[in-house]
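Comments concern the structure below.
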Amino acid sequence: MRILQLIDTLDPGGAERMAVNMANTFHEIQIPNCLVVSRSQGQLGSLIIDQNSVSILGKKNTLDIKAFLKLRTIVQKFRPDIIHAHSTSIYWAIGLKFIFTGAKLIWHDHLGISEDVIKNNPRHELKWMAPWIDLVITANESTAAFWVDQKFKSADKIQYLANFPYLKVKKKVKSDVFTFLHLANFRSEKGQKTLILASKRLSDTGLKFKARLVGKKVDIDWWEACSQMIPELGLATHVFLEEARADVDQLMAEVDAGLVASDREGLPVALLEYGLAGLPVISTNVGQCPTVLEKGKYGELVNPGDAIGLADAMEKLMANSQTAKESGQRFQTHIHESYGASFFIEKYSDILERNFHLKLN
């Protein structure tokens, strides 16, 4: 079994982290694999264990013939059984399918589905590509249900497969005040403004805390709006916006709790990483988050956009530090058992065998 992954960049993001996690896991279980990055390596590239397995195309635009020919050469040499295309890399993967008809093409759709997404990004152009896609994997059940409803492929060719974290847990660094981490790129659907408003409510009670919002500035206007809110609300000593960073393991060691404040989600890798790090968590009730947390058994759930509810949940964690610590430990065990790398590989292997009669070996 030989697997070639294709992704646009390795800038910090959920799909990108999954591509890296998969590459490292395949390497560890000795599955020949190749990770092809269309545009730029980004910060996450340094996390790949086997750097020789990574190829950068330097793609400049959709019609960059030179980059596509380089991709074709890589595929010819590697001879993959599976081409695993993440998100928008499916477009070039379809081009590969015309040339390398023997390889099975998997499209890994990481997008969380909502009414706004369907309205603003209906992706009608994908329907003509469906015959050349052998299997669709989605990061959440609602997206799988959406594609089944759209009759994109037959239901048995659309599979939900949970994301998984890959994190080397570091020793906890003692913080001076209770510190929350919100790990998500700066985009409107990620809920940073809700978190800032919740922080204002906490600040008004006189509580001492920090909220670190870490992520890539994907939407500059959104980032600037969030940045302006902090001094306007008098939160300069409480809320900190930070650039994305690759050393997530170190970041997790520096905080006391993890937050997901999104308005919509698939299955955020950050939530799973919080679990591996043993952090107590608060999450909005979106995507697969309530499933991961088993409807509140392993963490607090609040409604998206509810700054008051989020503030109350944050205050509850701060007021019961021992209970919060125990909750984080239970969540850690749950993630290891139900969302770890071995669980992902078992499910992925089963999908390949059932659909293509191929075995990971």
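Residue count for segment 210-267 satisfying the condition of being within 23 Å of Lys316 (Cα to Cα) and assigned to a loop (DSSP other than H, G, I, E, B): 12. Here Phe343 passes the criteria (1) touching a Lys or Arg at 6+ places or on another chain (Cβ under 8 Å); (2) surrounded by 15 or more Cβ atoms within 10 Å (Cβ to Cβ); (3) closer than 26 Å to Thr25 by Cβ except the one numbered (1).
Only one of Ala277, Ala307 is surrounded by 15 or more Cβ atoms within 10 Å (Cβ to Cβ) and over 24 Å from Glu337 (Cβ atoms). Can you tell me which?
Exactly one of Ala277, Ala307 is surrounded by 15 or more Cβ atoms within 10 Å (Cβ to Cβ) and over 24 Å from Glu337 (Cβ atoms), namely Ala307.
In segment 1-14, of all residues being touching a strand residue (DSSP E or B) at 6+ places or on another chain (Cβ under 8 Å), surrounded by fewer than 24 Cβ atoms within 10 Å (Cβ to Cβ) and within 30 Å of Asp219 (Cβ to Cβ), the one that is modelled with the lowest pLDDT corresponds to Pro12. Is at least one residue of segment 245-255 surrounded by 21 or more Cβ atoms within 10 Å (Cβ to Cβ) and either more than 28 Å from Glu337 (Cβ to Cβ) or of a type outside the set (A, V, I, L, M) (or both)? Checking segment 245-255: not a single residue is surrounded by 21 or more Cβ atoms within 10 Å (Cβ to Cβ) and either more than 28 Å from Glu337 (Cβ to Cβ) or of a type outside the set (A, V, I, L, M) (or both). Only residues that are β-branched (Val, Ile, Thr), surrounded by fewer than 21 Cβ atoms within 10 Å (Cβ to Cβ) and either in contact with a strand residue (DSSP E or B) (Cβ under 8 Å, 6 or more places away or on another chain) or at pLDDT 90 or above (or both) were counted across segment 98-132, and they come to 2. Among the residues of segment 21-36, those identified as crowded, with 24+ Cβ neighbours inside 10 Å and either in a strand (DSSP E or B) or β-branched (Val, Ile, Thr) (or both) are Leu35, Val36.
Annotation note: Cβ proximity below 8 Å between a residue of segment 76-94 that is farther than 19 Å from Ala139 by Cβ and a residue that is among the β-branched types (Val, Ile, Thr) (sequence gap 6+ or interchain) occurs for Pro80/Ile3; Asp81/Ile3; Ile94/Ile133.
Filter segment 156-192 down to the residues that are part of a helix (DSSP H, G or I) and within 20 Å of the chain's Cα centre (by Cα), then identify the one that is surrounded by the fewest Cβ atoms within 10 Å (Cβ to Cβ). Walk me through how you get there before you give the answer.
Going through segment 156-192, the residues part of a helix (DSSP H, G or I) turn out to be 156-157, 188-190, 192.
Applying the additional criterion that residues be within 20 Å of the chain's Cα centre (by Cα) yields 188-190, 192.
Numbers: Ser188: 15, Glu189: 19, Lys190: 26, Gln192: 27.
In this case the residue turns out to be Ser188.
Count of segment 48-81 residues, restricted to those that are surrounded by fewer than 18 Cβ atoms within 10 Å (Cβ to Cβ), assigned to a helix (DSSP H, G or I) and either within 23 Å of the chain's Cα centre (by Cα) or on the phi > 0 side of the Ramachandran plot (or both), is 1. Going through segment 10-34 one residue at a time, which ones are within 10 Å of His86 (Cβ to Cβ) and either in contact with a Ser or Thr (Cβ under 6 Å, 6 or more places away or on another chain) or among the acidic types (Asp, Glu) (or both)? Result: Ala15, Glu16.
Evaluated against (1) without any contact (Cβ under 8 Å) to a residue 24 or more places away in the chain; (2) under 29 Å from Val20 (Cα atoms), Glu224 falls short on exactly one condition, (2).
Within segment 173-205, the residues that satisfy the criterion of being at pLDDT below 95, under 23 Å from Thr237 (Cβ atoms) and among the charged types (D, E, K, R) are Lys174, Asp176.
The values are calculated or read from the model by the stated rules, or taken from the named source; none is laboratory data. Predicted model, so just to flag it, every value in this text is computed and none were measured. Positions of Cβ are backbone-derived with ideal geometry, glycine not excepted, and every protein chain shown enters the neighbour counts.
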